[in-house]
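Taking it in order: structure first as structure tokens, then the write-up.
The values are calculated or read from the model by the stated rules, or taken from the named source; none is laboratory data. Quantities reported herein were computed from a predicted structural model and do not represent experimental measurements. Don't worry about glycine lacking a Cβ; one is built from the backbone with ideal geometry, like all the others, and counts go over all protein chains shown. The area values use the complete protein model at the heavy-atom level, side chains included, leaving out ligands, DNA and RNA. Shrake-Rupley method; radii C 1.70, N 1.55, O 1.52, S 1.80 Å.
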Amino acid sequence: MASRTASEPVQRAMQLEGALRRVIRGTDEVVRLALVALFARGHLLIEGVPGVGKTTLAHALARGLDCSFQRIQFTSDMLPSDVMGISIYSAIEQRFEFKPGPVFANILLGDEINRASPKTQSALLECMEERQVTVDGTTYVLQAPFMVIATQNPVEMEGTYPLPEAQRDRFTARISLGYPSAAAERAMLDSHGSTSPLDQLEPVARASDIQELVIAVRSVMVSDQVKEYLINLANATRTSPELRLGASPRATLHLLRISRAWAALDGRDYVIPDDVQALAAPVLAHRLLPTAEAIVERHLPEHVVKRIVSQLPLPRR
């Protein structure tokens, strides 16, 4: 990361992080996780009750980047064509024309994604994994960078559907936004009480900057010992008696990629075990399914991941 071509995108990323922190008060770790998910070519799932800033975070990230942005308000009667697009017959030209849906954007905000039916949610599977959309047998490639930021309310709330396992596994990380501290809420009232914080946010990076940073992140070194540590961590979730579904190989790959991005934002060109430990719960917990006994005893997947991380031996030098 010491070369000139690598340092310039990293500096842009740090400027973007500082701009987002001025908008989203008291959630520095959340802002960092959102950025590293973007730089790792991943997608982000934001969970929390209404009114804690989930949509504002997504809007701020899109405003800070000079790129295209689309928003989908998911509802129970939404169809897959409302997301991907539809082919409409043109009587003038006597042929079908494809009308692109909102998925054709650099940043796609899926607001309250778990209010849509599983059929509509599954419309995002191909575009999130392969970055393309297939409609009526024709494949359309999405523009780069492409990132889905989905918000969801807790499943216990009225009118929500749990996300399918395949859908959750495609999200690189999940962030849970809780209520802010008293000091952060007071700062929000002082600075945002009369104007919207998004009005003063100017773009500090372009889509080309993100692409350069994605390339720079790929060059961050991961030693064989750290890779072995990643595999051992994933295997520990698969053999845990408290989980009936462990981390998939895709989860291990996502953890590797986002650890590289985390190290890059820290100014390092190598990954250390601390990076993996800090990201294990946000990357793995939402993919895991606890056993019935663990649910009764309220052993949440994030608690299981933290316990595994604390007990797993660190890699040797």
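Please enumerate the residues belonging to the stretch 171-201 that are modelled with pLDDT of 80 or more and not β-branched (Val, Ile, Thr).
Residues of the stretch 171-201 modelled with pLDDT of 80 or more: 171-176.
Of everything in the stretch 171-201, those that are modelled with pLDDT of 80 or more and not β-branched (Val, Ile, Thr) turn out to be Phe171, Ala173, Arg174, Ser176.
Would you point out the residue of the stretch 194-235, among those that are within 20 Å of Cys67 (Cα to Cα) and part of a loop (DSSP other than H, G, I, E, B), that is most open to solvent (accessible area, probe 1.4 Å)? The qualifying residue most open to solvent (accessible area, probe 1.4 Å) is Glu202. Counting the residues of the stretch 67-97 that are in a strand (DSSP E or B), surrounded by 16 or more Cβ atoms within 10 Å (Cβ to Cβ) and more than 17 Å from the chain's Cα centre (by Cα) gives 2.
Taking the criterion of being out of contact with any Leu (no Cβ under 8 Å at 6 or more places or on another chain), touching a residue at least 12 places away in the same chain (Cβ under 8 Å) and outside any helix (DSSP H, G or I), the residues of the stretch 293-312 that qualify are His299, Leu300.
Residue by residue through the stretch 134-149, note down the ones that are hydrophobic (A, V, I, L, M, F, W, C), open to solvent by less than 60 Å² (accessible area, probe 1.4 Å), closer than 22 Å to Val214 by Cα and touching a helix residue (DSSP H, G or I) at 6+ places or on another chain (Cβ under 7 Å). Quick ask: steps written out before the conclusion?
Restricting attention to the stretch 134-149, the residues satisfying the condition of being hydrophobic (A, V, I, L, M, F, W, C) are 135, 141-142, 144, 146-149.
Those left that are additionally open to solvent by less than 60 Å² (accessible area, probe 1.4 Å): 135, 142, 146-149.
Filter again for closer than 22 Å to Val214 by Cα, leaving 142, 146-149.
Residues satisfying the conditions are Leu142, Met147, Val148, Ile149.
Residues in the stretch 258-292 that are free of Cβ contacts under 8 Å to residues at least 24 places away in the same chain and of a type in the set (Asp, Glu): Asp266, Asp274, Asp275.
For Val103, state whether it is in contact (Cβ under 8 Å) with a residue 24 or more places away in the chain and more than 30 Å from Glu202 (Cβ to Cβ). The answer is no for Val103. Can you work out which of the residues in the stretch 37-65 that are of a type in the set (Val, Ile, Thr) and in contact with a strand residue (DSSP E or B) (Cβ under 8 Å, 6 or more places away or on another chain) is least open to solvent (accessible area, probe 1.4 Å)? Across the stretch 37-65, the extreme among qualifying residues is Ile46. Can you confirm whether His254 is in contact (Cβ under 8 Å) with a residue 24 or more places away in the chain, outside any loop (DSSP other than H, G, I, E, B) and more than 22 Å from Val10 (Cβ to Cβ)? Criteria not met by His254.
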